[in-house]
1. Taking only protein heavy atoms into account and a 1.4 Å probe, give the accessible area per residue of segment 1-143 in Å².
2. Could you pull the accessible area for TRP57 with a 1.4 Å probe, rounded to 10 Å²?
3. Just the projected area, averaged over all directions, of the convex hull on the alpha carbon atoms of segment 79-159: how many nm²?
4. Per residue, what accessible area does segment 159-207 have, given a 1.4 Å probe and all protein chains present, in Å²?
5. Roll a 1.4 angstrom probe over the protein heavy atoms and tell me the percent of accessible area of segment 85-160 that is carbon or sulfur.
6. If amide H atoms are built 1.01 Å from N in the plane of the peptide, which residues on other chains or at least 5 residues away come under 5 Å of the amide H of SER28?
7. Probe 1.4 Å, all protein chains in place: accessible area of THR72 in Å², nearest 10?
8. Sort largest first and round to whole Å: the equivalent ellipsoid semi-axes of segment 161-215, each the square root of five times a Cα gyration tensor eigenvalue.
Amino acid sequence: MAFFSRAKAEMVTPDRALPGRHEPIPSSDTHFVNGTSIKPPFREGSETLVVGLGCFWGAERLFWQTEGVLTTAVGYAGGYTPNPTYEEVCSGRTGHAEVVLVVFDPETLPLEGVLKVFWEGHDPTQGMRQGNDVGTQYRSTIYGTPEQLATAKLSRDAFQERLTAAGYGTVTTELAEGGPFFYAEGYHQQYLAKNPGGYCGLGGTGVSCPVGLGA
C-alpha cells in the first residue's frame, strides 16, 4: 500500500487531528465474495469484533476465509477524525487504524477462535508498524465490548507466554471498547478478491495461540 513514512509512527493528538466530515464517504453494501450485507442489521445471534493487524487488505481476506465468519468489511477506527478518507488515514493525522469488522456466528466460531486467527495472523509485538508497513494506521488493535476484551486479555496473556518462549518481545496490541467504525471506500472492500495479485503484507510469527481461554 502507498503512503509509507517512518515519520508517521507517532500518534497524533486530538487537537492536531484532521477535522473530517459529517457525511460518510461512499462505500459498498454487499460483500464481493459471498454476497452478504457488510452493513447492519446482521444475522440474528451473530457477534461483531473490530480488529486491526496491519494492512487491511490481507487482514480482511484472512477472516472471510475463516469458517464461521458471516461477513467482513474494512474501515477505520480508534482515532479522532470522523468519516476519514484513506489518504487522510495514511497521512497519520486521523489517529485511526486500518481495521476489519468481523461478523461471526459464535455457535460455529466462538470468540476465542476469532482471536486465534487474529493473534496468529500477524506479529502483535511491533508497535506502530507491521512488517515494512510503518505508521500508526498499521498498529495491532482489538475493539470490542467489555466482555470481549476480558476474553481478549486472557488470550493475549496466554499468547505472550508462547511469544516470549519463542524469543519475541512484548505484545503492543491496543485493547479498547469499540468506538465508531467508519467504512472504507468501496474499492478497498474485499480488495484482494477483486485484485488477486494485489499487495498483502500480512505475516504471522509462526507461534501457535492457545484456544479455549474464555473469561
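The values are calculated or read from the model by the stated rules, or taken from the named source; none is laboratory data. What you see is a predicted model; the values in this text were computed from it and never measured. As a convention, Cβ positions derive from the backbone with ideal geometry for all residues, glycine included, and neighbour counts pool all protein chains shown. For accessibility, only protein heavy atoms count, side chains too; no ligands or nucleic acids. Shrake-Rupley method; radii C 1.70, N 1.55, O 1.52, S 1.80 Å.
1. Working: 6020 Å² over 143 residues.
Result: 42 Å² of accessible area for each residue.
2. We get 20 Å² for TRP57.
3. Values: hull surface 24.5 nm².
Reported value for the Cα convex hull: 6.1 nm².
4. Working: 2500 Å² over 49 residues.
For segment 159-207, the per-residue accessible area is 51 Å².
5. Taking all protein chains in place, segment 85-160 shows 52 percent carbon and sulfur surface.
6. Answer set, sorted by chain and number: GLY186.
7. 0
8. Numbers: eigenvalues 171, 74, 26 Å².
Equivalent ellipsoid of segment 161-215: 29, 19, 11 Å, largest first.
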